[in-house]
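Take a look at the structure below.
Coordinate-derived values only; no laboratory data. Note that the structure is predicted; figures quoted are calculated from it, not measured. Cβ sites come from the backbone with ideal geometry, for glycine too, and all protein chains shown count toward neighbours.
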Amino acid sequence: MKHDRFHGRVRHSSRPCDAPGCTEVGEFRAPGERAPGFDGPGNYRWFCLDHVRAFNQGYDFFRGMTRDEIERAQSPLSGWAAETRAFRPTAGVDQAPRWADFTDPLDAISARARARADDLRKGQEAARRGINPADRRAYDTLGLGFEADRRALRARYSELVRRYHPDRNGGDRSHEAQLGEVVEAYNHLRRLPAFS
Ligand SMILES: [Zn+2]
């Protein structure tokens, strides 16, 4: 951590900007919703440059949100849930969230513990349903639950092909490897009795 001449700026921060939905790094400190006082030292919010400027001009990103919604929007876990878990279908439940995704080590510890517990539960369910490790990898690659039927499989497959196809991404081929994994997983699963 290195402070520079911008007041409150911390370079090389790994925390995300607190503005809901923003994926920039939060390098600029702004007062949080709890002022320093009787209850303790107060807290801070961290914003990217654009959002700290907006914040300093009086824009309240959290207006109209309940306290719970604010905490959800600011939680590093919300990013993990939205990006790692739901957006990236290749992130199976056996892939624990990275420590670097969290600013609070306690969040990281509980998230990893939850991921392990989910993984264990999923392993038991797979065994009960006679799903072998190769099958399970294919389910995880597509982000499908074991209860999925033929129709759910096809819907998910076409959604992912659309998402990763270069023609749908302005010719960007960066998702090609993921697309290959999706196709392979689909071809694996569609031959299983569960999808016949
Ligand atoms: Zn931002």
The range 138-190, dipole about Cα centre (Lys/Arg Cβ +1, Asp/Glu Cβ -1), debye to the nearest 20:
240 debye
Inter-label distance for Ala30 and Asn187, nm, one decimal - labels placed 7 Å from Cα along Cα-to-Cβ:
5.0 nm
With no solvent term and unit scatterers on the alpha-carbon positions of the range 131-196, Debye gives log₁₀ I(q)/I(0) at q = 0.16, 0.17, 0.21 Å⁻¹ of -0.50, -0.56, -0.79
For Ala117 and Gln57, calculate 0.36 nm times their separation in residues minus their Cα-Cα distance, and state this gained length in nm to one decimal.
17.2 nm
What full-extension length gain, to one decimal in nm, is calculated for Arg67 and Gln124 as 0.36 nm per residue of separation minus the Cα-Cα distance?
16.8 nm
Mean Cβ count within 10 Å, highest first, over the residues of peptides 165-178, 147-160
147-160, 165-178
